[in-house]
1. State the answer as a single residue: which of 36, 82, 70 lies farthest towards the positive end of the charge dipole of region 1-89, with beta carbon charges of +1 for Lys and Arg and -1 for Asp and Glu, about the Cα centre.
2. Could you give the length gained by full extension between residue 188 and residue 78, i.e. 0.36 nm per residue of separation minus their alpha carbon distance, to one decimal place?
3. Can you give the charge dipole size of the chain about its Cα centre, rounded to the nearest 20 debye, using +1 on the beta carbon of Lys and Arg and -1 on the beta carbon of Asp and Glu?
4. When 1/r is averaged over all different Cα pairs and the result inverted, which Kirkwood radius in Å belongs to the chain?
5. Farthest toward the dipole's positive end in the chain, which of 209, 14, 195, given Cβ charges of +1 (Lys, Arg) and -1 (Asp, Glu) about the Cα centre?
6. Sort 65-75, 93-103 by packing, meaning the average of other beta carbons within 10 Å per residue, with the highest value first.
7. Magnitude of the Cβ-charge dipole of region 78-152, K/R +1 and D/E -1, about the Cα centre, nearest 20 debye?
8. Given R₀ = 35 Å, what would the calculated FRET efficiency be for residue 13 paired with residue 215, taking r from the Cβ atoms and rounding to 0.05?
Amino acid sequence: MSLEIAPSILAADFANIQSAVEMLNDSEADYIHVDIMDGVFVPNISFGLPVTEAIHRHAKKPLDVHLMIVEPDRYLEAFRNAGAANISVHYEACDHLHRTLQAIHDLGAKAGVAINPHTSVELLTDTLDLIDLVCVMSVNPGFGGQKFIENTYSKVSKLKELIIKKGSKTQIEIDGGVSLNNVQKLKDAGADILVAGSFVFNSESPKETIAMLKRA
């Protein structure tokens, strides 16, 4: 099966965000990845509910919303109402992950869990049956354009083994430093979805770049 591609709108030109969304609508992208940062959980601030709502108004692709925020439970319903099809929370930000995942499902969205580079995949064993996708951070969260962390391949392989062992249908998403240089190794390790920001939006032809990633 081909990889699913979720271009990160964080790397787009914010002055022309509608044009960026329309370009993604016409591309082979499967999702539009929306990074929400609060300046507390990560050392950066991106955008929040009004921009997410604006993206959703123009989007023909489902929104894959990644909450890099503290106390994510407070905002689950709001982001679902803003158009999120997938809502990913950080393992490191959740005191009661099981409850949070149930809340996301109750809202009718797919539930994702993002894990930082230092977080072990084994920590997800007891909640894997509730997780629709695991977003493996292959850079430290907070900024685009970072260098890919090589240990990610091993981490993805371990996670894939765990998913198979548990008989789960959980998908594996990779976020950070994705390019044509590592797409095949990520797919071989077990990745299902690739988030690509700078690599897509800084390329000469973003639509062609998305197609190349998808067909790798």
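Every read-out reported here was derived from the displayed coordinates using simple, explicitly stated rules and does not represent laboratory data. On a predicted model such as this, the values are computed, not experimentally measured, just so you know. Counting neighbours? That spans all protein chains shown, and the Cβs are built from the backbone with ideal geometry, glycine included.
1. Ranked along the dipole, the leading option is 82.
2. Extra length from residue 188 to residue 78 when fully extended: 36.0 nm.
3. Taking the Cα centre of the chain as origin, the dipole is about 440 debye.
4. The Cα-based Kirkwood calculation yields 17.0 Å.
5. Positive-most Cα among the choices belongs to 209.
6. 65-75, 93-103
7. 300 debye
8. With R0 = 35 Å, the Cβ-Cβ based efficiency is 0.85.
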